[in-house]
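*Asks:* Have a look at the structure that comes next, please.
The values are calculated or read from the model by the stated rules, or taken from the named source; none is laboratory data. Please read all numbers here as calculations on a predicted model, not as lab measurements. FYI the Cβ positions are ideal-geometry reconstructions off the backbone, even for glycines, and counts take in every protein chain you see. Only protein heavy atoms, including side chains, enter the accessible area calculation; ligands, DNA and RNA are left aside. Shrake-Rupley method; radii C 1.70, N 1.55, O 1.52, S 1.80 Å.
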Amino acid sequence: MPPKRKTVEGSTEPVSTRATRSSTRTSSGKAEEKEKPKPKVPRASTKKAKDESGSDKEEPPAKRPKITKTKAASRPAKTKKNTTDGEPGQSAKPQSKTARDGKSNLEAEPYQSSQALDLFQKYADPDDPPAIGPAGLEQLCNEAAIPMDGAMPLILAWQLDAKEMGKFTKDEWLKGTSKLKISSLPPLVTALSDLDNLLILSKSPVKSNSKTDPYDRETYVNYTKNIKGAYHGLYMFCFKLAKPEQSRNIDMETATALWSVILCPKYPVMKEVLEFIAENENVYKATNKDLWTMMFEFCETVKPDMQDYETDGAWPTLLDDFVAWKKAKSV
């Protein structure tokens, strides 16, 4: 192919000859097409520029498309300013629960009696509005991350002075929360956790500061002055709570469930007692107040090796049988 001819302004060569050669070069798809970007303007406007100038120089077609692309690319970037409003194109960074839901259900608030009432009504039984029943208690514990199989639900019942297991009346709730100055879940969880740590897990008392305490710790501080007495008070309350109104006993299944969360964390020997009872479930079917009381005394006073256990003492039969069973296993 003949070498490319340079265009010289003012040349005397006819325009049609150059146009023909230019079109030949364009159709062959060679050097000139590679040197310039593909124009996005119509071909007619490019031709017109050639004819009027009388030369092979074309208008630079890339300027207008380039400006358009720059504007289009810059627009989406502006939407990033509103990423927390839930608009399309929001940031990939996850939002917190509080950011998603507005005010969190677990946000601590100063005590207000009206809010304590609102909290009660949220968990109240639809079929029995003046009370929070088992379903409402379970919902409360789930939302507050309170373990249902631990001591904290029992501690809550104790602090509210509940009369029936798994149920809180409106009057019990409002009196108890007013005494503790609690009207939202976070301080409630803190109060229950404080008592669980102090009485069940035997942890050091929390230092109280009336200006910064999340709830009124006056009752808690009084417990710290006699921890053993407070623990015994919780233990005896659980028997009264679990005992049916017209009965003197509680069934053994309920008793062992209570012992497992109230006594076992403090006294390892209780795990063996529960094992013994499970092996003799057809023998021991209920617990009266005497056995309940003496079980606490047994854990408090008898050494784990049972060497100081007096078989001729006034211990319940179940404990006599347990000590004999344990000594026989160790032989």
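*Asks:* Being open to solvent by less than 30 Å² (accessible area, probe 1.4 Å) and over 28 Å from Ala157 (Cα atoms) is true for just one of Met295, Met306. Which residue is that?
*Replies:* Met306
*Asks:* I've got another one for you. Starting from residues that are under 22 Å from Glu300 (Cα atoms) and of a type in the set (S, T, N, Q), keep the ones in region 199-221 and report whichever is surrounded by the most Cβ atoms within 10 Å (Cβ to Cβ).
*Replies:* Once the filter is applied, the top-ranked residue is Ser202.
*Asks:* While we're looking at this one, here's another question. Name the helices (runs of 4 or more DSSP H) wholly inside region 144-206 in which the number of residues that are at pLDDT below 95 is 1 or more.
*Replies:* No helices (runs of 4 or more DSSP H) qualify here.
*Asks:* Another question, if that's okay. If you scan region 165-212, which residues turn out to be of a type in the set (Ser, Thr, Tyr) and either farther than 19 Å from Ala151 by Cβ or touching a Gly at 6+ places or on another chain (Cβ under 9 Å) (or both)?
*Replies:* Matches in region 165-212: Thr169, Thr177, Ser178, Ser183, Ser184, Ser208, Ser210, Thr212.
*Asks:* Test Leu174 against the criterion of being open to solvent by 70 Å² or more (accessible area, probe 1.4 Å) and either under 24 Å from the mean Cα position of the chain (by Cα) or of a type in the set (A, V, I, L, M, F, W, C) (or both), and give yes or no.
*Replies:* Taking the combined requirement at face value, the residue does not satisfy it.
*Asks:* Go through region 257-292 and give me each residue that's among the polar types (S, T, N, Q) and surrounded by 18 or more Cβ atoms within 10 Å (Cβ to Cβ).
*Replies:* Hit for region 257-292 is Thr287, nothing else.
*Asks:* Of the residues Ala131, Ala124, which is at negative phi, among the aliphatic types (A, V, I, L, M) and touching a residue at least 40 places away in the same chain (Cβ under 8 Å)?
*Replies:* Criteria check complete, one pass: Ala124.
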